[in-house]
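These notes are about the structure you will find just below.
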Amino acid sequence: MIDDPSEALAAIEQAARNERAGISFYRQAEASVRDPRGKAMYRSLVADEEVHLHILSAEYDRLNRTGDWVPLEKARQADARMADLFPDEVSGALLFTPDMSDLEAMKLAMDFERKGHEMYDMAARGSTNPAAANVYRFLAREESRHFELLQKSHDYLANNGIWYFDDVQAPQLD
């Protein structure tokens with residue numbers, strides 16, 4: 001059961017690895033893109049993934065110490081250091097290669113965000129703990145929003161040959 005603290009800790013560890021992989025991928029993608037709008041889009045995704053990692057760190061720390069979840073707003077503000085909790089590793093599931101085209105990179109990132117949404121959504125539905133379910137639902141919405149941004153950017157680049165990124169529509173935390 002996802003509400004069992006040991007299973008929740010394992011789920012958070014996996015989620016943290018996924019968020020780290022996203023950060024690494026988006027940083028590499030930003031470095032490879034020449035267009036300022038593409039760079040801005042990837043920077044915004046890095047910033048979001050770093051916030052997600054921070055929230056997961058706060059949840060992991062609290063669960064590990066007390067067996068309880070931190071309410072989402074408190075987790076956002078917690079003094080949490082993910083680097084102290086998890087080794088600096090990147091999943092092999094999301095690898096950027098220098099020869100990857102912008103469209104290929106976006107397709108890979110869209111698949112990553114879709115899988116992240118599915119993972120968090122399933123965790124939210126499987127949790128009877130309201131605080132845990134709230135955190136998982138928030139993260140699922142974030143992954144969905146990232147997917148939509150990447151899909152819109154992909155479609156615009158594929159159809160118009162130029163990057164599209166409107167920082168007003170960029171994924172922002174609620």
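The values are calculated or read from the model by the stated rules, or taken from the named source; none is laboratory data. Everything numeric here is computed off the predicted structure, so don't read it as measured data. Heads up, the Cβs are rebuilt from the backbone with ideal geometry, glycines too, and the neighbour counts pull from every protein chain shown.
Summary of computed values
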| read-out | value |
| --- | --- |
| Single match in 105, 58, 83 (criterion: at pLDDT below 75 and either farther than 21 Å from residue 7 by Cα or small (Gly, Ala, Ser) (or both)) | 83 |
| Yes/no for residue 142 being modelled with pLDDT of 85 or more, closer than 28 Å to residue 28 by Cβ and either hydroxyl-bearing (Ser, Thr, Tyr) or assigned to a helix (DSSP H, G or I) (or both) | yes |
| From the options 37, 65, residue that is under 25 Å from residue 128 (Cβ atoms), part of a helix (DSSP H, G or I), more than 17 Å from the chain's Cα centre (by Cα) and basic (Lys, Arg) | 65 |
